[in-house]
Structures are given as structure tokens and as C-alpha cells.
Amino acid sequence: MNHAGPDAEAAAGAGGSNGRSRRSWADSGLLARIAFAAIAVAIGLAIVFAVLFLAIGSLHQRSLDARRSQQVIATANELQTYVIDLETGARGFALTRDERYLDPWNVAQALYPGAIATLVGLTKDNVVQHRRALVIKKDIQVYFSDYSVGIVNFLRRNPQEAPDVATDARGRRQVEAIRRKFKHFLDTETALSEARNQTASATTRNSLVVGGIGLGAALLLILVGALYVNRAVARPVRRTAEAAARIAGGDLSERLDTDGPGEVGELERTFNTMAASLERTVADLEERNQTLVESEQVKSELVSNVSHELRTPLASVLGFSSLMLDREVSPDETKRYLEVIRTEARRLAALLNDLLDLQRVEQEALELRREEVELNELLSTQITLYSAQSDTHELRFQAAGEPLAVRGDRDRLAQVIGNLLSNAIKYSPEGGAVEVTTEAIGDEAWIWVRDEGLGIPRAHQEQIFTKFFRGDVGRELGIAGTGLGLVLARQIVEAHGGQLGFESEAGRGSTFWLQLPASHTYDDDAPEPSLAAGDDAESRHGM
């Protein structure tokens, strides 16, 4: 007699349904599983690229806005030139009564209506500027029709009145009023252009971030898809390969479970049939096994030779990763190998970061965030940081007796100072004092970094700011470095409107100095200095 209640029957039914679903999925073929993984990855990639396209569209719109501002400024300047030609042409005609002086007047008369129409059309997206453009249009038309044309026609009929007309200041006053409106218009449009350029730059950075995230997401989706395919397909195949290896080692009783999906299950059943057949052909199996052993030995020798020959960080990464892949290693060894790989990869990453910074500098793409920076405070922080990196060096700081403020990018200036301090420590292997001094001299802020280290031979001093140059001393003593730090430091300092130089003598240490304009010497209307690599700054000696 069955005493199971309705709940038990429902549970049994649900369990049976779930069981059928699991069996149906397990029975699905290899192609179906790969197709499922590919579709999932494709959907994820479609979402990633949709977001990336939106970011690119936004960047395109910001670029159009910035370009429109430049067109407005160019058209306004062109129109202002026509107004000046109208005024100077009429005045020249009045002074000389020579029709040739009306040539620019005639040209301006023909061209200024088109320029006005273009300016009005370009400013339709900005209500304030559009209104100003219409006012300028009206003033120019009033000046031209009510004064300029009338004066020219009057002088042609009454040339004897030319001296009086030439001294009449009414036309000049009208033109000056128009030019003042042009100045106000151009000042506003220039500020708008700078704002749009900054927006475009911010959108560019955001697009790069979105692109990086999208790339990372795409790689992650591909990795997830690969892991799924590995679990659904590669793992059963790997188990089959491992069983084959055990059979090749002599365990001919090895058999596989035949629960693999689709074609994999067929492979497992075929494998078992093959294993049973191999029991009757031991001699053939031993010959095949010997062939596999010889092949594995050749591969191990090849990996060993390659690992021995490569002497770069990349060789370490490839060598240890190959070692982990080619043989079974304990967890402790795995951790140790990964530490070596990570250390060498960090060296490669540091070199890559320097190369990327150098590329941005040479392509004028490395932007500086301008802010008020107090150098004494920045130096104090950096000295505290680098003091903890060496027990044999004493870092001394003699600050200026007054605040030493400059306008610049705090992070990039910290990068420069950090490079000078790091070099002073590295190239003083015996230890000693590293003295840092600051002083305000006129409108300039000065910093000196002195060490008692190896110094720079005179033969190498002209190459010290050359990319990848490190000198013989650094290589002989195994001092780490890429040869890019000082190159980047000088170009960053020059981008701030300053200079970087040094004094050194082999065996007697070095003094590196840098000079920056004090913050009150900056002109707010002056263009920002470029970070492009230019001519070397003229050397100036520190105290």
C-alpha cells in the first residue's frame, strides 16, 4: 500500500521533470554545446560594442561642436577684415582721390554679405551669440549703406570735398564700435571654443575608458566562453587523453565512463573498445609508448635550451610558464614560479608605462592638469616617501624661507622629483647624504638635488637625456632602469615652462637642478605650453 501524500507525488513529479531536463542537456551533442557558448559570447560582445559605438557617437558630436566654434571664430575674423577694408578703402580714396584705393573696398563690398550670412548660420545653435551676430550684421549694413557707399559716391561727384571727408571721424567711430562688438563676440566664442575643446577632450578620455572596459569585457566574455567549452568539451577530452596516457603506461585495464555529451560519449565508448583491443596488442602499444616518450624528451630539451638562451624578463615569464605547463609541480613551487613571473611582468609593465608616456609626449597627447602646487610641501612628501626606501642614505631637505608656489600638474611634478630622488639613491650604492634645496630667485622657483654618488663621466654627459641611454656604470653595477626617466622628466619640466639640467663629475656625485616659473608669473590669457619634444633648453647652473 502506498502511503505517499500529494506533496510527495508532486516532488517526485518535479524531480522527474528536472531529471529529464538534465538528461536532455547531457544527451545534447557537441555541436549544440559549442553553438550555445558561441551565441552567449556573441550576445555579450554585441552589448559591449553597442556601448562602445554610443561612446564613439558622443565623441563625434563633441568634435563637431569644437570644429563649429573654430569656424565661427575664423568667419568672424574674416568679416572683421572686410569691415576694415571698407573703412580703409574709403579713407584712402578720400585722401588720394585715386580709384585704385577702392579695390579692397570693392572686394569687401562683394564678399561681406556672404560672410555675414555664414556667421549668422553658424551661430544658430547659440542664442546669445546668434543675437550678437545679428546686431553686428545690422551695424555693418547700416555703416555700409548709410555711410560708406554714400561717402564714396559723394566723393566721386565732389572730389574737392575729399580733404574734409578724410578728416571726418564719424566713419572711424562707427567702425571702432563694430570692432568692439567683434571683440566681445570673439572673446565669448573663444571661451566657448575652449570649453568645447575641454568637453571633447573629456569625451575622448571617457571613450578611451569605455573602449578599455569594452575590450576587458570582451576578453572576459571570451574567457568565460572558453572556460565553458573547456568544462563541456575539453575536460572530457582531457580525461580521455589522461586515460590514454595511463594505458600507454601499461595499465590496459583503464576504462572510461560513457556519460559524455553527444560525440564525446561516442568517443568514450570507442575508446573503451580500443582499450579492449589494445590488451591483445601489447607489443604494438609498447612501441607506441616508446615513441611518445622520445617525443616528450625532445620537447623538454627544446624548452630547456630556449629557457637557457633567453636573458630578458620575457624569457623568465615564458620559461616559468612553460615549466608549469610541461610538468606537474607542487603548490609551493607553483606559487614561487608565479612570483617570478609577476616580478618580471612588473618590470615589463614599468618599461611599457615609460614607453607609453614617452609616446604621449612625442604625440602631444599627455595633458597637464593646471593647479596651484606648493613645491616645499610636495618635496617634503616625496622625501618622506623615498627616505623609507634606503637605510644607508640620509635625505636632507633645506626648504626656502617662503612659500614656493607654481602652477602645474602635481602628479607629473611628483614624477619628476621622484625620478631625481630615485636616481640619487640608486647611483649612490655606498649610501651617504642626498641634499634637496629650494629657493625663490626673482620670478623663478629653483630646486637642487645633490648626491655623493658615482657621478657622470664627462664623455656621457651629452647623452644623459637621450632615450634608453644608461651609461656603462649602471650596467656594470646592475642598477635597474630603463633609460627613459630623465628624458620624461626634462620634457615634463619644459612643458611647465621650466628647465632641467645638472652638474656632475665622475666619482664626486651629481647635482640635478630644475627651474620653474613662479605661479604669479603666469598670464591667464597665454596659451598653455605644449608637451611636444622641442629643442633642448639652454643650460643654467645651480648654486
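Selection of region 352-378 for residues being part of a helix (DSSP H, G or I), surrounded by fewer than 16 Cβ atoms within 10 Å (Cβ to Cβ) and either at pLDDT below 80 or not charged (D, E, K, R) (or both) yields Leu352, Asn353, Leu355, Leu356, Gln359, Arg360, Glu362. For the subset of region 382-397 comprising residues that are among the polar types (S, T, N, Q) and surrounded by fewer than 12 Cβ atoms within 10 Å (Cβ to Cβ), which member is farthest from Leu514 (Cα to Cα)? My answer is Thr392. Whether any residue in region 85-105 is within 48 Å of the chain's Cα centre (by Cα) and surrounded by 15 or more Cβ atoms within 10 Å (Cβ to Cβ) is what I want to check. Yes, region 85-105 has at least one match. Scanning region 207-226 for residues that are β-branched (Val, Ile, Thr) and buried (at least 17 other Cβ atoms within 10 Å of the Cβ) gives a single hit, Val210. Only a single item in (1) within 29 Å of Leu413 (Cβ to Cβ); (2) at pLDDT 80 or above; (3) open to solvent by 60 Å² or more (accessible area, probe 1.4 Å) is not met by Arg346, and it is number (2).
Of the residues that make up region 478-490, is at least one at pLDDT 75 or above, at positive phi, surrounded by fewer than 20 Cβ atoms within 10 Å (Cβ to Cβ) and not hydroxyl-bearing (Ser, Thr, Tyr)? Within region 478-490, not a single residue is at pLDDT 75 or above, at positive phi, surrounded by fewer than 20 Cβ atoms within 10 Å (Cβ to Cβ) and not hydroxyl-bearing (Ser, Thr, Tyr). Taken together, Asp259, Asp187 contain a single residue that is acidic (Asp, Glu), modelled with pLDDT under 75 and over 22 Å from Ile39 (Cα atoms), which is Asp259.
Remark: pairs (first residue in region 200-227, farther than 17 Å from Phe49 by Cβ; second residue open to solvent by 30 Å² or more (accessible area, probe 1.4 Å) and part of a helix (DSSP H, G or I); Cβ separation under 7 Å; 6+ apart in sequence or on different chains) = Ala200/Arg62; Ala200/Ser63; Thr203/Ser58; Thr203/Leu59; Thr203/Arg62; Thr204/Leu59. Is it true that Ile151 is at pLDDT 80 or above, open to solvent by less than 70 Å² (accessible area, probe 1.4 Å), more than 32 Å from the chain's Cα centre (by Cα) and among the β-branched types (Val, Ile, Thr)? Answer is no for this residue. Taking Asn423 as the residue in question, decide whether it is surrounded by 16 or more Cβ atoms within 10 Å (Cβ to Cβ) and under 21 Å from Gly497 (Cα atoms). In short, no.
The values are calculated or read from the model by the stated rules, or taken from the named source; none is laboratory data. Remember, predicted model here, so these are calculated numbers, not experimental data. In this analysis, Cβ positions are derived from the backbone assuming ideal geometry, glycine residues included, and neighbour counts consider all displayed protein chains. Side chains are part of the model used for accessible areas, which takes the heavy atoms of the whole protein and leaves out ligands, DNA and RNA. Shrake-Rupley method; radii C 1.70, N 1.55, O 1.52, S 1.80 Å.
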